[in-house]
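Asker: First, the structure itself, so that you have it in front of you.
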Amino acid sequence: MSFPAQLVHIGFKTSRLYVGLLLLVCLSFSSLASAVTPVVDRGQGAFDLSGHVSYFTGASSEFTVNDMSTGNNDVSWQAHQSEGALSLRYQTEPAWVRIALINEQTTAADYVIEVAWPLIPSLDFYLVTDDGVLHQASGQLVEEALQPLAHRNELFPFQLAAGQAGTVYMRVVSDGTILLPLYLWSQAEFFEYDSSINLLLGLFFGAMGVMALYNLSLALLTRDKPYLSYVLYVIALAAFQANVTGVGGLYLWPDWLEFRLMSYGITSGLGFTAATIFTIQFLELRKSPWLYRISVGILFFWVAVVLMTPFFSKALLGALGFPMGLASCVFAWAAAAYLAFKGHRSALYFVIAWSFLIVGASLYIASMAGIVPRTPVTEYAQAIGSLIEVVLLSFALAERINRSNAERVAAQSASLSLASQLARERAEKIEAQEQAIAVQAQATEVLEAKVKERTQALSKLNSELEKASQTDPLTGISNRRHFEAEFARLLKICNRAEQSLTLMFIDADHFKQINDVYGHAAGDECLRQLSACVQQNLCRAGDLFARFGGEEFVVAMPMTSPEVARSLAEKIKLRIAELRVSVAPDLAGKPAQVCRFTVSMGIAGWVPQQDETSDKLLKAADAMLYRAKDSGRNRIDVWSAS
């Protein structure tokens, strides 16, 4: 049986001679044979061999290179005709790859075959020539000192003499997907290319470190949770990129063989975990329950991936992780786009930043699949997209903080406007003083008087605004907003002093009938007189009296037991029952009417416990009030612990 072959000439940049490459691939199916002919672009520094190899899967672990090279009948080679990297999914047995080469130069040539994927557990390289067999070992399970070259990717250097032919065999072992982006280089061109890649990687990781440290300082200063989750995301993303570029295995954990095998699952899981946490906080997904529930489900999945990686095979984790990773990216982008459409300003920045990451990852996958040429940009498009995303998200966080500050500044715009006006007036006076020194003293006095007057006016206005925000306009007593703030303070004071805090609710009986019969003006007068009556009977300055809403009033009495409060309530109830509210007649000539009414009261009180909220006491007193009203009105009910 004969095997066809074709000689391909490749032009190197540093030589006018030609390198001939012959790839002999034999596939035995009964009596059939086929050959794969490489096509190499002479203008490239790297020659992509992915479409010019043959492979054999399902080989027994006992197979050796001799079985492969001597035509063992059990070996059925298959041609890989695709332009993309060779990808074999979930292999439980070793896989073999074969490449045939011949050097047609007049001098010996130094080559290096690069496997541009650093996450292969075990990779044996064999070069079979007429001089014998050259064996080299590399991969995650091989110590750095035993590898032919210490590098981010797997490298196999060799030499072919002038006119010498050879066949390369690679034995690959992995419990997950086998990805083999194969490239043939002249050694001189490879190391020239690699130096520029190392520079770019150094710039990338340096930039990621700067972004992490800068935003960590902002997180400590602002105490803003999204900043902290952003820093964790940057660190996790940098760790993932260090893993897939081989930087981590070469510099960070070169001797930690167990971790090197689990590094992809752990770093990718941590990256998605940190990204999901940041997405939840930055987009404020808690405000959108259905988006929040989905994001929490995604978060739990990736935490589980990180925890399960040491115990499950790469095949299982890959089968679950790849579709879930795609779904996580799509969900984050779609959620941000949805919120941006709803008017969430920060979400628009997130959409733009996340788009760069998705585009970068897509270009990287396309270069691996052979859809686009392999260049430094496409090979590291994922890292470039990650860096752009990180920078844009940092700007988005800064915009978020600036917007919050702007909202606070807007609340003080009136005061600042007045201060600016005063500053302009003072500047005008100073200029007038320079022009007319003779009237300097008088102008200064006038200016100071105006400043004092404006300052007093501003202070008075602020005091009136603050008082108005805390006062019920009808009765002149505290409103509910002021009561709730002060009641929380009283709760803490009584807790520290271990003294009772008693709450009394007062509600005018049949108040709707008063409004219907006598009119709303009479109803308002009834509430004013009720308020005045209660104030007259409160003896202590520490008691807090407020209108809680409608015809309902509340009294908070610190250092007071429910029994003492009941005595006071009886007194107040009697005084209110004695009130006579004059009602003006609707028509002229009709006599004035007198409106009388009663109140129902609910009382609850105890010594507040540590971390107890105000809701418990409010609900207890309110329940007593409704029990008093349900029991016939014009009565007092007191909460009992029994």
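The values are calculated or read from the model by the stated rules, or taken from the named source; none is laboratory data. In this text the structure is predicted, and so the values were computed from the model without any measurement. FYI the Cβ positions are ideal-geometry reconstructions off the backbone, even for glycines, and counts take in every protein chain you see. All accessible areas refer to the heavy atoms of the entire protein, side chains included, with ligands and DNA or RNA removed. Shrake-Rupley method; radii C 1.70, N 1.55, O 1.52, S 1.80 Å.
Asker: Being over 46 Å from the mean Cα position of the chain (by Cα), of a type outside the set (A, V, I, L, M) and more than 23 Å from Glu570 (Cβ to Cβ) narrows it down to one of Gln529, Gln456, so name that one.
Answerer: Values: Gln529 fails: more than 23 Å from Glu570 (Cβ to Cβ).
The match here is Gln456.
Asker: So, in the range 268-282, exactly how many residues are more than 15 Å from Val306 (Cα to Cα) and among the polar types (S, T, N, Q)?
Answerer: Residues flagged as more than 15 Å from Val306 (Cα to Cα) and among the polar types (S, T, N, Q) within the range 268-282 amount to 2.
Asker: If Ile371 passes every condition in (1) surrounded by fewer than 15 Cβ atoms within 10 Å (Cβ to Cβ); (2) more than 17 Å from Gly84 (Cα to Cα) but one, which one does it miss?
Answerer: That leaves (2) as the condition not met.
Asker: Condition test on Arg580, is it open to solvent by 10 Å² or more (accessible area, probe 1.4 Å) and under 16 Å from Asp507 (Cα atoms)? Let's see the steps before the verdict.
Answerer: Numbers: open to solvent by 10 Å² or more (accessible area, probe 1.4 Å): yes; under 16 Å from Asp507 (Cα atoms): no.
No: the conditions fail for Arg580.
Asker: Something else about it: Of all residues being hydroxyl-bearing (Ser, Thr, Tyr) and in a helix (DSSP H, G or I) in the range 282-306, which is farthest from Tyr264 (Cα to Cα)? Just the residue, please.
Answerer: Step by step, filter the range 282-306, then rank; the result is Tyr292.
Asker: If you go through the range 212-249, how many residues are in contact with a Gly (Cβ under 9 Å, 6 or more places away or on another chain) and under 15 Å from Ala398 (Cβ atoms)?
Answerer: Residues meeting the conditions: 1.
Asker: Oh, and also: For the range 148-193, which residues satisfy the criterion of being among the basic types (Lys, Arg) and under 26 Å from Asp131 (Cα atoms)?
Answerer: Let us first name the residues in the range 148-193 that are among the basic types (Lys, Arg), namely 152, 171.
The answer is Arg171, and nothing else.
Asker: Which of the strands (runs of 3 or more DSSP E) contained wholly in the range 12-106 include at least 2 residues that are modelled with pLDDT of 50 or more and aliphatic (A, V, I, L, M)?
Answerer: So the answer is 86-88, 95-102.
Asker: A further question on this structure: What's the total number of residues in the range 194-227 that are part of a helix (DSSP H, G or I) and over 30 Å from Val377 (Cα atoms)?
Answerer: 8
Asker: Report, ordered by the first and then the second residue, all pairs with beta carbons closer than 9 Å, sequence separation of six or more or different chains, a first member in the range 367-380 that is on the phi > 0 side of the Ramachandran plot, and a second member that is open to solvent by 30 Å² or more (accessible area, probe 1.4 Å) and modelled with pLDDT of 75 or more.
Answerer: If the second residue must be open to solvent by 30 Å² or more (accessible area, probe 1.4 Å) and modelled with pLDDT of 75 or more, the pairs left are Gly370/Asp48.
Asker: If you don't mind, there's one more thing I want to ask. Criterion first (open to solvent by less than 70 Å² (accessible area, probe 1.4 Å), at pLDDT below 90 and closer than 16 Å to Gly602 by Cα) does Gly542 satisfy it? Talk me through it step by step, then tell me what you get.
Answerer: Details: open to solvent by less than 70 Å² (accessible area, probe 1.4 Å): yes; at pLDDT below 90: yes; closer than 16 Å to Gly602 by Cα: no.
Answer is no for this residue.
Asker: Got a sec? Which of Arg408, Arg426 is over 30 Å from Ile358 (Cβ atoms), open to solvent by 60 Å² or more (accessible area, probe 1.4 Å) and touching a residue at least 24 places away in the same chain (Cβ under 8 Å)? I'd like the intermediate steps shown before the answer.
Answerer: Numbers: Arg408 fails: touching a residue at least 24 places away in the same chain (Cβ under 8 Å).
Going through Arg408, Arg426 in turn, just one is over 30 Å from Ile358 (Cβ atoms), open to solvent by 60 Å² or more (accessible area, probe 1.4 Å) and touching a residue at least 24 places away in the same chain (Cβ under 8 Å): Arg426.
Asker: Here's something else I'd like to know. Scan the range 338-368 for residues that are surrounded by fewer than 17 Cβ atoms within 10 Å (Cβ to Cβ) and under 19 Å from Asn153 (Cα atoms) and jot them down.
Answerer: Scanning the range 338-368 gives a single hit, Ile365.
Asker: Of everything in the range 393-405, what is open to solvent by 50 Å² or more (accessible area, probe 1.4 Å), at pLDDT 80 or above and not polar (S, T, N, Q)? Give them in sequence order.
Answerer: Correct list: Phe395 only.
Let's see how each residue does on (1) farther than 26 Å from Leu490 by Cα; (2) touching a Lys or Arg at 6+ places or on another chain (Cβ under 8 Å); (3) not in a loop (DSSP other than H, G, I, E, B):
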{"residue": "Ala556", "(1), (2), (3)": "no, no, yes"}
{"residue": "Glu563", "(1), (2), (3)": "no, no, yes"}
{"residue": "Arg566", "(1), (2), (3)": "no, no, yes"}
{"residue": "Ala569", "(1), (2), (3)": "no, no, yes"}
{"residue": "Ser600", "(1), (2), (3)": "no, yes, yes"}
{"residue": "Gln609", "(1), (2), (3)": "no, no, no"}
{"residue": "Leu618", "(1), (2), (3)": "no, no, yes"}
{"residue": "Met624", "(1), (2), (3)": "no, no, yes"}
{"residue": "Asn634", "(1), (2), (3)": "yes, yes, no"}
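Asker: In the range 607-642, how many are over 44 Å from the mean Cα position of the chain (by Cα) and among the β-branched types (Val, Ile, Thr)?
Answerer: The qualifying residues number 2.
Asker: Given the conditions (1) farther than 26 Å from Gln164 by Cα; (2) open to solvent by less than 40 Å² (accessible area, probe 1.4 Å), report the number of the one that Glu83 does not fulfil.
Answerer: It fails just one condition, (2).
Asker: Further, regarding this structure: Looking only at the range 492-513, count how many residues are part of a helix (DSSP H, G or I) and touching a strand residue (DSSP E or B) at 6+ places or on another chain (Cβ under 6 Å).
Answerer: Looking only at that region, the number is 1.
Asker: Assess whether Leu617 counts as being in contact (Cβ under 8 Å) with a residue 24 or more places away in the chain, within 19 Å of Ala532 (Cα to Cα) and open to solvent by less than 70 Å² (accessible area, probe 1.4 Å).
Answerer: Taking the combined requirement at face value, the residue does not satisfy it.
Condition check ((1) touching a residue at least 60 places away in the same chain (Cβ under 8 Å); (2) under 17 Å from Leu119 (Cα atoms); (3) surrounded by fewer than 18 Cβ atoms within 10 Å (Cβ to Cβ); (4) of a type in the set (S, T, N, Q)) across all residues:
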| position | (1), (2), (3), (4) |
| --- | --- |
| Val231 | no, no, no, no |
| Ala239 | no, yes, no, no |
| Ala242 | no, yes, no, no |
| Thr245 | yes, yes, no, yes |
| Tyr251 | no, yes, yes, no |
| Leu257 | yes, yes, yes, no |
| Ala275 | no, no, no, no |
| Ser328 | no, no, no, yes |
| Ala335 | no, no, no, no |
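Asker: Based on what the data block shows, is Leu363 in a helix (DSSP H, G or I), more than 20 Å from Val390 (Cα to Cα) and in contact with a helix residue (DSSP H, G or I) (Cβ under 8 Å, 6 or more places away or on another chain)? Steps first, answer last, please.
Answerer: Values: in a helix (DSSP H, G or I): yes; more than 20 Å from Val390 (Cα to Cα): no; in contact with a helix residue (DSSP H, G or I) (Cβ under 8 Å, 6 or more places away or on another chain): yes.
No.
Asker: Could you count how many residues in the range 551-568 are over 18 Å from Ala485 (Cβ atoms) and either touching a Gly at 6+ places or on another chain (Cβ under 9 Å) or open to solvent by 40 Å² or more (accessible area, probe 1.4 Å) (or both)?
Answerer: 10
Asker: Among the residues of the range 365-392, which ones are at pLDDT below 75 and closer than 26 Å to Tyr233 by Cβ?
Answerer: In the first step, residues of the range 365-392 are kept if they are at pLDDT below 75; the result is 367-370, 373-376.
The answer is Ser367, Met368, Pro376.
Asker: Next question, about the same structure. Can you tell me which of Gln421, Gln442 is touching a Lys or Arg at 6+ places or on another chain (Cβ under 9 Å), open to solvent by 60 Å² or more (accessible area, probe 1.4 Å) and assigned to a helix (DSSP H, G or I)?
Answerer: Gln421
Asker: Of all residues being farther than 16 Å from Pro181 by Cβ and without any contact (Cβ under 8 Å) to a residue 40 or more places away in the chain in the range 381-392, which is most open to solvent (accessible area, probe 1.4 Å)? Just the residue, please.
Answerer: Across the range 381-392, the extreme among qualifying residues is Ile388.
Asker: On to the next question. Can you tell me how many residues within the range 178-203 are without any contact (Cβ under 8 Å) to a residue 40 or more places away in the chain and open to solvent by less than 30 Å² (accessible area, probe 1.4 Å)?
Answerer: 0
Asker: Here is a follow-up. So if I check each of Arg575, Arg528, Arg547, which one is within 20 Å of His510 (Cα to Cα), assigned to a strand (DSSP E or B) and open to solvent by 30 Å² or more (accessible area, probe 1.4 Å)? Step through it out loud before you land on a result.
Answerer: Numbers: Arg575 fails: assigned to a strand (DSSP E or B); Arg528 fails: assigned to a strand (DSSP E or B).
Exactly one residue qualifies, and that residue is Arg547.
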